[in-house]
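Q: What follows is a single structure, and I will ask about it in a moment.
Every number here is computed from the coordinates shown, using simple stated rules; none is lab data. Just so it is clear, the model here is predicted, and its values are computed rather than measured. Heads up, the Cβs are rebuilt from the backbone with ideal geometry, glycines too, and the neighbour counts pull from every protein chain shown.
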């Protein structure tokens with residue numbers, strides 16, 4: 001197969017990539033206020049800002065798919081960022097926030113700088129499918145490209161909806177039952193539907209770029225972003241399991257819940273990740 005030669009528009013890729021990294025570094029620097037912001041508020045708003053920048057950089061030479069792709073990225077980032085900021089003021093979250101702050105207390109000095117640079121680079125890798133699809137022509141047959149784009153957009157929208165509903169259901173439940181574990185709605189099907197939604201979202205984002213990965217480096221960069229976020233979500237699941245075991249482990253209802261409801265993927269009889277080795281926890 002003859003790959004498409006880089007066009008004049010690809011000449012600006014180094015500058016665009018540097019701009020994306022600069023934005024990611026600037027926004028994720030919120031982590032110097034509180035370490036968790038590197039991977040929470042800084043994460044969400046970095047993605048939103050980079051997606052908006054990509055939209056502007058190729059305007060008006062945009063396809064409908066590209067517009068929808070980046071609008072969903074922007075919507076995801078803004079929704080998550082606002083949700084995380086509002087959550088800090090909820091009484092039910094104060095105990096968990098104290099635990100989060102304590103975990104970040106040991107990240108200081110050079111270690112904090114490494115974390116900052118690492119997460120900023122990761123966020124650029126995660127949004128790279130949008131970058132490649134905007135600046136390269138597809139190298140797959142048009143019918144297959146269309147199928148991948150439709151599937152990718154469906155997963156993006158479905159993941160965003162799942163994560164949004166999960167966060168709303170848990171927030172509403174915790175407002176009325178601050179000392180109980182949430183097992184209603186989506187949480188009756190899977191114990192971490194918000195993490196499942198995030199994984200689904202980023203799988204869709206990666207699929208949208210598949211037809212445009214022209215070089216090995218494109219595959220490598222995009223897969224680094226996807227694999228890392230999946231591992232991070234698995235690590236978050238493990239951490240949440242341990243926290244909930246400490247809070248509710250002596251309750252018979254909780255023991256029944258964790259033995260009958262899958263931990264991360266519905267209909268897959270995997271009920272714990274505590275003994276699974278995850279390299280990004």
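Q: What is the extension gain from residue 117 to residue 265, computed as 0.36 nm multiplied by their sequence separation minus the C-alpha to C-alpha distance, in nm to one decimal? Please list the in-between numbers first.
A: Values: separation 148, 0.36 × 148 = 53.28 nm, distance 3.14 nm.
The residue 117-residue 265 span can extend by a further 50.1 nm.
Q: In a GNM of the chain with a 10 Å cut-off on Cα contacts, which of 163, 88, 241 has the highest mean-square fluctuation?
A: 88
Q: To the nearest 0.05, what FRET efficiency results for residue 278 and residue 146 with a Förster distance of 35 Å applied to their C-beta separation? Could the numbers behind the result be given before it?
A: Working: r = 35 Å, r/R0 = 1.01.
Here the calculated transfer efficiency is 0.50.
Q: When a/c is below 1.5 the answer is rounded, else prolate if a/b is larger than b/c, else oblate, so apply that to segment 115-159 with a ≥ b ≥ c taken from the square roots of the Cα gyration tensor eigenvalues. Don't skip to the end; give the middle numbers.
A: On the way: a/c = 4.38, a/b = 1.73, b/c = 2.53.
Note, shape of segment 115-159 comes out oblate.
Q: Using only Cα positions of the chain, each an equal point scatterer, no hydration layer, compute I(q)/I(0) via Debye at q = 0.09, 0.14, 0.16 Å⁻¹ and quote the log10 values to two decimals.
A: -0.45, -1.04, -1.30
Q: Between 0 and 90 degrees, rounded to the nearest ten: what's the tilt of helix 109-135 against the longest Cα principal axis of the chain?
A: Rounded to the nearest ten degrees, it is 50.
Q: Would you please put 247-254, 40-47, 233-240 in order of how densely packed they are, using the mean number of other Cβ atoms within 10 angstrom per residue and starting with the highest?
A: On the way: 247-254: 12.1, 40-47: 25.5, 233-240: 19.5.
Packing order, densest peptide first, comes out as 40-47, 233-240, 247-254.
Q: Using Cα atoms only, what is the angle between the long axis of helix 64-87 and the major principal axis of the chain, expressed in degrees (0 to 90) to the nearest 10?
A: For helix 64-87, the angle is close to 30 degrees.
Q: So what is the relative contact order of the chain, in percent, for Cα pairs below 8 Å that sit 6 or more residues apart?
A: 19 percent
Q: Taking the chain as a Gaussian network, where each spring joins two C-alpha atoms under 10 Å apart, which residue of 217, 131, 30 fluctuates the most?
A: Greatest mean-square fluctuation among the candidates belongs to 217.
Q: Send over the semi-axes of segment 202-281's equivalent ellipsoid, whole angstrom and largest first, taken as the square roots of 5 times the C-alpha gyration tensor eigenvalues.
A: Numbers: eigenvalues 232, 35, 13 Å².
Equivalent-ellipsoid dimensions as semi-axes: 34, 13, 8 Å.
Q: Ok, one more. At what distance in nm do the modelled label points of residue 139 and residue 220 sit from each other, each positioned 7 Å from its Cα along Cα→Cβ?
A: Placing both labels 7 Å beyond Cα along the Cβ direction yields 1.4 nm.
Q: Now for a separate question. Report the full-extension gain for the segment residue 17 to residue 175: residue separation times 0.36 nm, less the Cα-Cα distance, to one decimal in nm.
A: Details: separation 158, 0.36 × 158 = 56.88 nm, distance 4.22 nm.
Taking 0.36 nm per residue and subtracting the Cα distance, the gain is 52.7 nm.
Q: Using only Cα atoms, find the angle between the long axis of helix 94-104 and the longest principal axis of the chain, and express it within 0 to 90 degrees, rounded to the nearest 10.
A: Compared with the principal axis, the helix lies near 60 degrees.
Q: When ranked by the protection proxy of mean other Cβ atoms within 10 Å per residue, highest first, what sequence do the peptides 257-270, 13-26 form?
A: Details: 257-270: 13.9, 13-26: 16.3.
Descending mean neighbour count gives 13-26, 257-270.
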